[in-house]
Structure formats: structure tokens, C-alpha cells
Amino acid sequence: MKVIVLGAGIVGVTSAYQLAKSGHEVTVVDRQKGPALETSFANAGEVSFGYCSPWAAPGIPAKAMKWLFMKHAPLILRPKLDMAMLSWMARMLSNCTSERYAINKSRMLRLADYSRIALADLRAETGIAYDERMQGTLQLFRTQQQLDASAKDVKALAADGIPYEVLDRDGCIRFEPALKHVRDKIVGGLLTPKDETGDCFKFTNALAAKAEALGVRFAYGTTIKALDVEAGRVRGVITARDGDGDPDRERERMSADAVVVALGSYSPLLLKPFGIRLPVYPVKGYSLTIPITDASRAPESTVMDETYKIAITRLGDRIRVGGMAEISGYTNDLGFARRSTLEHSVTDLFPGGDVSKASFWSGLRPMTPDGTPVIGPTKIIGLFLNTGHGTLGWTMSTGSARLISDLVGGANPEIDAKDLAINRYH
């Protein structure tokens with residue numbers, strides 16, 4: 001079939017590659033000048049097959065109130081008269097129960113573990129290098145209360161057969177030797193040894209080149225104006241190329257048998273005119289990328305600072321520090337007050353680095369209220385969704401790509417995907 005994939009981030013590019021491998025004629029459309037230039041550009045670098053949990057969890061509403069008054073808050077809320085924001089927040093709160101948390105986490109772990117297999121297969125098949133490491137994630141607890149609260153995650157990991165290890169202070173230092181310099185600041189940790197790390201931007205660009213070699217066409221610098229829908233079936237998309245001419249004269253109809261929407265936070269805006277209410281909302285995250293000056297004081301893999309919800313990840317000769325959740329709509333300006341929180345977390349746990357040389361970045365994560373992405377068909381024939389991965393687009397991308405390729409081609413997916421579709425919200 002002729003398939004158009006909308007979006008050239010990590011989810012769009014992996015989808016395009018998998019669809020091309022399945023024999024389809026694929027075109028990827030993106031407004032940027034190349035792949036992975038928005039949310040996939042400088043994310044935290046975690047590939048968290050075991051460390052993946054819904055943000056909507058028991059106790060989060062109370063924690064959120066406390067976080068709002070912290071100096072280095074993991075959550076920043078800028079409320080506005082935005083019905084999409086208010087509706088999304090209400091739905092998220094409704095998922096903050098033990099029952100919903102267990103269901104949502106199980107869905108996430110199922111897809112993440114499938115992605116673990118898919119990524120390993122893809123890496124073996126392509127030989128792509130992206131500063132990858134396979135040394136696990138250490139969720140680091142500064143207080144006994146945090147360590148005790150991890151019991152619910154341990155229970156979920158055990159139920160889904162995901163390897164884990166609860167570590168005391170010395171165990172954490174054995175896993176991450178640089179933590180010996182701050183041993184009095186930690187009490188323990190939760191290790192998920194199958195987790196990986198890697199540069200999402202490098203990976204996406206390398207895979208886009210592999211996809212082109214398979215015949216995928218990339219239409220960069222192209223704005224998606226609307227879906228082309230006729231009699232309940234998608235016929236393609238209406239686009240406009242960047243240029244100095246009359247925008248209307250630049251408009252083009254691109255025809256297709258199927259369209260995959262992988263536009264992250266912008267997916268709901270494209271779908272709304274067709275009566276498809278996709279509960280995805282942008283939650284801004286920030287990152288620093290710091291050159292390593294002393295390897296003995298740098299992390300070996302990923303350390304997740306539970307207190308500030310910040311991930312500190314080794315990427316080759318750099319450290320990527322990423323985190324925070326700012327709910328402020330579709331604004332992607334750099335809030336420089338957020339930089340101090342990232343700097344505080346990394347220098348507190350790994351003192352000695354030169355944060356003055358760090359590059360600062362922000363991106364909009366496409367979050368669903370239950371934390372699970374939306375993957376599958378819509379009420380419009382031929383229109384499919386692969387979006388809403390939140391903080392886990394890098395982690396879940398390869399598995400999501402396999403699922404969407406199977407669903408577009410009419411094959412039975414290798415794992416259950418029914419509860420990932422949009423109809424779970426209706």
C-alpha cells in the first residue's frame with residue numbers, strides 16, 4: 001500500500017522503517033528540516049523497559065500539591081482557560097487509583113518489553129551505533145520513605161516477569177561507583193538491569209538513512225494542513241511546502257491508502273476537525289547536555305533521582321540530565337529557572353562536572369491521562385494512530401512500530417494491542 005507517516009520523530013521514523021520492511025511504499029512528512037528535531041532531539045536518553053510507570057498513580061495528587069511549593073519542583077503547573085488542559089488533568093486524576101495504576105502499568109510494561117526485543121533485533125539487523133549502553137537503570141532513593149514506596153513498582157515488575165533488584169546503599173555504589181562521593185545522601189535504589197541508554201537523535205537519524213535505503217521518501221520542510229477524508233475513508237493529506245511563494249499555490253494533495261499519525265503533542269489538533277477526541281496533551285520537559293571532564297565522577301548508565309524526578313544518563317563522552325513536567329500548553333520557550341533544578345540534581349549526586357558548558361533544551365512530551373500510548377485504527381478507515389508515548393517514546397518506539405505495521409497491513413500483532421487503541425477512552 002501507499003502509506004504516509006506524519007512526523008519524523010523517533011516514533012514516526014521507526015514506523016516508516018518497519019512499514020517499508022513490510023513492503024509498503026512509504027512517505028514521511030515533517031515540518032522540520034530533518035528527523036528528530038523536536039521532542040526526540042535531546043531527551044533524557046533512557047531506554048527504560050523496566051523503569052516505566054504511569055505518572056497517574058496513588059498519592060500523586062497529594063505529592064503534586066507539595067511539589068508546587070518546592071524550590072526545585074519536578075512539577076510546574078501554569079493553569080489557563082484551556083478546556084483541553086482541564087479535561088486532560090481531570091482524566092489523569094481519575095487514573096490515580098491503585099486499580100487503574102496496575103492496569104496502566106501492566107500495559108506499559110507489555111509494550112516496553114516487546115520494544116526491548118524489537119530494538120535488539122533492529123540493532124543486530126542494521127548495526128546502528130548511537131552511544132548505546134546496556135547497563136540498566138538505577139532508581140535512586142534519598143529517603144527510606146521513597147524506598148518503602150517502591151514496593152508497588154516491585155510488585156508490578158514481578159507480576160510481569162521483569163528483572164529487578166532492590167539495592168541498599170552499598171549496592172547502589174557497586175552499580176554506580178561515582179556515588180561513593182555522596183554515599184550519605186542515598187539510602188538505596190531499585191535496579192532494572194535490562195534497561196538501556198542511548199542518544200535518540202543519533203539513532204533516529206541513522207535509522208532514517210536506513211529507511212531511505214529501503215525506498216522511504218522523506219518530505220521535510222512540509223507543513224501538514226489537513227487530512228484528506230472522503231466518505232469515511234482517508235485519501236491522503238493536504239500539505240504546504242516551505243517557500244517564498246504564495247502559500248495557497250504551494251499546497252499539495254498527497255494521496256495514500258493509509259495514513260499513520262505520529263505527530264506527538266500535535267496529533268489532537270489534526271484529528272479534532274474529524275470528531276476524533278484524542279486525549280493527548282503537551283507536558284514540557286527540559287534537559288542539559290554536559291561534556292564529561294572526569295569519567296570517575298560520571299554515571300555509568302542512568303541514575304533516576306527519585307526526589308526530583310530527574311534522569312542522569314551517560315551518553316558517550318557526555319552526560320544528559322533530563323526531567324521535570326511543566327504543564328503550560330503548547331509553549332516551548334526555555335524557562336531558565338528550570339535549568340537550576342537540573343543543575344542542582346546532577347551536581348548534588350555527581351559533583352565535579354562543569355555545568356557552565358552545558359547546552360540547555362526543552363521539548364513537548366505527548367502525554368495521555370493514563371500514561372499509555374494510543375496505537376491502532378480510528379473510526380476513519382485507513383487512518384491509524386501511533387502517538388501519546390509521553391516520556392517513553394524512545395523506549396517504546398520500536399515495539400510500537402512493529403504493532404502499527406502489523407495493524408496497517410492487516411496482520412495479527414505479536415502482542416495484544418486492543419487496549420492500546422483510542423476506543424479505550426470511549
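The values are calculated or read from the model by the stated rules, or taken from the named source; none is laboratory data. These numbers were taken from a predicted model, which means no experiment stands behind them. Here Cβ is always computed from backbone atoms with ideal geometry, including for glycine, and neighbour counts include all displayed protein chains. The area values use the complete protein model at the heavy-atom level, side chains included, leaving out ligands, DNA and RNA. Shrake-Rupley method; radii C 1.70, N 1.55, O 1.52, S 1.80 Å.
General observations
- Spacing of the modelled spin labels on GLU414 and SER22, each 7 Å from Cα toward Cβ, amounts to 1.3 nm.
- Nearest 10 degrees, 0 to 90: helix 393-409 Cα axis against the chain principal axis: 30
- For VAL346, the accessible surface of its heavy atoms amounts to roughly 10 Å² (probe 1.4 Å, protein chains only, rounded to the nearest 10).
- Length added when fully stretched, ASP82-ALA102, from 0.36 nm per residue minus Cα-Cα: 4.2 nm
- Average Cα contact separation per residue, segment 80-210, under 8 Å, 6 or more apart, as relative contact order %: 33
- Probe 1.4 Å, all protein chains present, accessible-area order of ILE327, ILE117, largest first: ILE117, ILE327
- Separation between Cα centres of segment 140-217 and segment 368-423, rounded to whole Å: 24
- Residue order for TRP55, TRP67 - accessible surface, 1.4 angstrom probe, largest first: TRP55, TRP67
- Rg followed by Dmax, in Å, when the chain is reduced to its Cα trace: 20.9, 66
- The listed residues PHE69, PHE201, once ranked by accessible area (1.4 Å probe) with the largest placed first, stand as PHE69, PHE201.
- Here the Karplus relation 6.51 cos²θ - 1.76 cosθ + 1.60, evaluated at θ = phi - 60°, turns the backbone of segment 9-19 into coupling constants of x, 4, 6, x, 5, 5, 4, 4, 4, 5, 5 Hz, with x for every Gly and Pro.
- The chain: relative contact order as a whole-number percent, Cα under 8 Å and 6+ apart: 26
- Sorted from greatest to least, the principal axis extents spanned by the alpha carbons of segment 74-175 come out as 48, 39, 28 Å.
- Averaging 1/r over every pair of different alpha carbons in segment 135-238 and inverting the result gives a Kirkwood radius of 18.1 Å.
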